[in-house]
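*Asks:* Sharing a structure, written as structure tokens. Questions coming.
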Amino acid sequence: MSISSLKQLEEHLDLTEDERQWFNTSPRLPLLVSDHVMALMDENDPDDPIRRQFIPDRRENTDDVGDLDPLREEEHSETPRLIHRYHNRAALLTTDRCFSYCRHCFRRRFTSSSSGPISGKQLEEAAAYLGMHGEIREVLLTGGDMFTMSDGQIASMLATLKSTRPDIIYRLCTRAVATFPERFTDKLFETISMYNYGAPYYLMTQFNHPREITEETERIISSFMKLGIPAMNQSVLLKGVNDDVDVLEELSNKLLSARIKPYYLFQGDLVNGTEHLRVHLEDGLELERELRKRLSGLAMPQYTLDLPDGGGKVILTHDHMLGHRDGCWVFESPYGGRRIYPEK
């Protein structure tokens, strides 16, 4: 069972005024919270970091900063479900459904739009495009969450894609490992294994807070690894959730312990309804700078901004290179002081 109404929510939480007022406005993204996510919340803490990610706030429907398609995905949609924004990568919108709707969702123009799972015709159109564009080497199976689809729908999709382009690396993008772990059944893994040939799959998760990583997480990741599918994590930097260096350090280390590589730490996109969750860039850069002192290269995610208007991704980091003097490069050490790197 999932929570999707005010009455259900009031049975679990004493709502704040901002949360309650959301129900008096016209929502751009509906309420949907899985029982698993609800159980992770501290019901007595209105500032609980899990709560801030999934319980809506009136500010979502009054914020007009940015727009509903900040990355210009619609302009780069080559078929109704295939986005080709980068030369060698594409994204396939497998479905508009998720097990829980994140309030920071950057694709809220599509999420829960009643589009449903990708149709046979839409899948064939996307596959035909991939067949004609050999420059595409990777495809993100995203949405929505592909694992809200049935085992049969997933099998049909993977069969079509693999038969058309077995050389493509397909990224299995999901939040379900954190929000609905019971979805990952033996039957599902059997379905994936049937089409586990050619180029490898990569599992792309989203964990934003260390409390989301549970005992079930390691079980699921182990099952993917038995199929030879490695896991990488894409977090979003969120105000009141993980904009704290101690929290980010714990998150990265817990991910590694669960055999998930911290990959990206995304700066929030300029999408309507999310301004109250976005962290200021200068604060994010300071967090990134401090994290580099604390984490190994294996544990350190790339602090990344997906530029507005489809400008592409850029890595945000403190510049330790101070300049070039007398045939030497001068650097600032993360731990203090300066160091000289001679070129001869």
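The values are calculated or read from the model by the stated rules, or taken from the named source; none is laboratory data. No experiment lies behind these values; they were computed from the predicted model shown. Note: ideal-geometry Cβ built from the backbone for every residue, glycine included; neighbour counts use all protein chains shown. Keep in mind that these areas ignore ligands, DNA and RNA; they rest on the heavy atoms of the full protein, side chains included. Shrake-Rupley method; radii C 1.70, N 1.55, O 1.52, S 1.80 Å.
A quick yes/no check of all residues on (1) out of contact with any Asp or Glu (no Cβ under 9 Å at 6 or more places or on another chain); (2) farther than 30 Å from GLY273 by Cβ:
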site	(1), (2)
SER112	no, no
HIS133	no, yes
LEU141	yes, no
THR160	no, yes
ARG171	no, no
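*Asks:* Scan the range 284-341 residue by residue and report those that are touching a helix residue (DSSP H, G or I) at 6+ places or on another chain (Cβ under 7 Å), assigned to a loop (DSSP other than H, G, I, E, B) and open to solvent by less than 40 Å² (accessible area, probe 1.4 Å).
*Replies:* LEU295, ALA299, MET300, PRO301, LEU316
*Asks:* Could you grab the pairs with beta carbons closer than 9 Å, sequence gap of 6+ or different chains, first residue in the range 326-344 and on the phi > 0 side of the Ramachandran plot, second one in a loop (DSSP other than H, G, I, E, B)?
*Replies:* The qualifying pairs are GLY327/GLU343; GLY327/LYS344.
*Asks:* Report, ordered by the first and then the second residue, all pairs with beta carbons closer than 8 Å, sequence separation of six or more or different chains, a first member in the range 189-209 that is over 20 Å from THR179 (Cα atoms), and a second member that is outside any strand (DSSP E or B) and basic (Lys, Arg).
*Replies:* TYR195/LYS162; TYR197/LYS162; GLY198/LYS162
*Asks:* Is it true that VAL236 is in contact with a Phe, Trp or Tyr (Cβ under 6 Å, 6 or more places away or on another chain) and among the hydrophobic types (A, V, I, L, M, F, W, C)?
*Replies:* Yes; evaluated as a whole, the condition is true for this residue.
*Asks:* Against the definition (in contact with a helix residue (DSSP H, G or I) (Cβ under 7 Å, 6 or more places away or on another chain) and either within 16 Å of THR317 (Cα to Cα) or part of a helix (DSSP H, G or I) (or both)), how does LEU251 come out, yes or no?
*Replies:* yes
*Asks:* Also: Return the residue satisfying two criteria in turn: it lies in the range 28-46 and is open to solvent by 50 Å² or more (accessible area, probe 1.4 Å) and under 22 Å from the mean Cα position of the chain (by Cα), and of such residues it is modelled with the lowest pLDDT.
*Replies:* For the range 28-46, the residue satisfying everything is ARG28.
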